[in-house]
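*Asks:* Have a look at this one.
The values are calculated or read from the model by the stated rules, or taken from the named source; none is laboratory data. Note that this is a predicted model, so its numbers are computed, not measured. Using ideal geometry, Cβ is built from the backbone for each residue, glycine included, and neighbour counts are taken over all protein chains shown. Surface areas here come from the heavy atoms of the whole protein model, side chains and all, with no ligands, DNA or RNA. Shrake-Rupley method; radii C 1.70, N 1.55, O 1.52, S 1.80 Å.
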Amino acid sequence: MPLSLRPGTPADAPSLSKICLLTGNYGTSAEHLHSRGELLGLVYAEPYVLRDGTFAFVLVDSAEREEGEEGTEERKEEVVGYIIGAYDTALYEAERGRDWFPLLAKKYPVGSEGTDADKYYYGLFASPPKTGQDVLSIYPSHLHIDILPAYQRTGWGRKMVHTIIEHLSSKGYKGVWAGIDSRNEAGRRWYIKLGFRRVESEVGEYWVMDFDRWDGIRGRPVEGA
């Protein structure tokens, strides 16, 4: 299981969407919740390799080999995780609201058939959410991270966060935040373990990493986190 991290590309969009679905129920599969499995990825995964102002790195397993042209062996990689985000969240959400969600709202109109989870996304497409200023005022950049269950607890999540911190730091950013579902207890424990600090918000639950606290392994403990 040789794993490596590389920059994401538009060609990775289908893989990201699949991973998003397979981890979309608090880290486990959300397949049983949806009749249209693509919906989660259209919000939380695909745009980050298809739109400007975003960053993406994908975790790949290159264990499989297949025979290429002229009998040579070529390594076949499988995308098994990703860490993605936007540099300027406010700008990203504004642009996505103008030219991404309207197309989805037309394709998946409110009132269409589907599961309750599907219908939630129909409503989201019609009325896109925006991050509160209380969070945006801390740092402009946000991230999402998902890894297939078979590849979790291998240390790669920390390495992926480290890669993003180095990437954003090289561009002059001082921190990054992530939002989680308040019911995602495992996700909360993981962010605490890495040294993220929780910030108060009227809408949602958010965890912040200040880059000056990161030492390549985890951030220094935060009182009350």
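*Asks:* Of the conditions (1) of a type in the set (Gly, Ala, Ser); (2) assigned to a strand (DSSP E or B); (3) modelled with pLDDT of 95 or more, residue 90 satisfies every one except a single condition; which number is it?
*Replies:* Unmet condition: (2).
*Asks:* Anything in the stretch 57-87 that is modelled with pLDDT of 95 or more, open to solvent by less than 50 Å² (accessible area, probe 1.4 Å) and over 16 Å from residue 173 (Cβ atoms)? List them, or say none.
*Replies:* If the condition is that a residue be modelled with pLDDT of 95 or more, open to solvent by less than 50 Å² (accessible area, probe 1.4 Å) and over 16 Å from residue 173 (Cβ atoms), then 58, 59, 60, 61, 79, 80, 81, 82 are the ones that fit.
*Asks:* Further question: Would you pick out the residues in the stretch 144-194 that are more than 15 Å from residue 55 (Cα to Cα) and among the hydrophobic types (A, V, I, L, M, F, W, C)?
*Replies:* Scanning the stretch 144-194 gives 147, 148, 150, 156, 180, 186, 190, 192, 194.
*Asks:* All but one of (1) closer than 18 Å to residue 27 by Cα; (2) surrounded by fewer than 19 Cβ atoms within 10 Å (Cβ to Cβ); (3) hydroxyl-bearing (Ser, Thr, Tyr) hold for residue 201; state the number of the condition that does not hold.
*Replies:* It fails just one condition, (1).
*Asks:* What is the one condition in (1) touching a helix residue (DSSP H, G or I) at 6+ places or on another chain (Cβ under 9 Å); (2) under 24 Å from residue 47 (Cβ atoms); (3) surrounded by 13 or more Cβ atoms within 10 Å (Cβ to Cβ); (4) of a type in the set (Gly, Ala, Ser) that residue 182 does not satisfy?
*Replies:* Checking residue 182 against (1) touching a helix residue (DSSP H, G or I) at 6+ places or on another chain (Cβ under 9 Å); (2) under 24 Å from residue 47 (Cβ atoms); (3) surrounded by 13 or more Cβ atoms within 10 Å (Cβ to Cβ); (4) of a type in the set (Gly, Ala, Ser), the one that fails is (3).
One line per residue, one yes/no per condition, for (1) open to solvent by less than 30 Å² (accessible area, probe 1.4 Å); (2) in contact with a helix residue (DSSP H, G or I) (Cβ under 6 Å, 6 or more places away or on another chain):
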| position | (1), (2) |
| --- | --- |
| 113 | no, no |
| 122 | yes, no |
| 126 | no, yes |
| 129 | no, no |
| 134 | no, no |
| 138 | no, no |
| 154 | no, no |
| 158 | no, no |
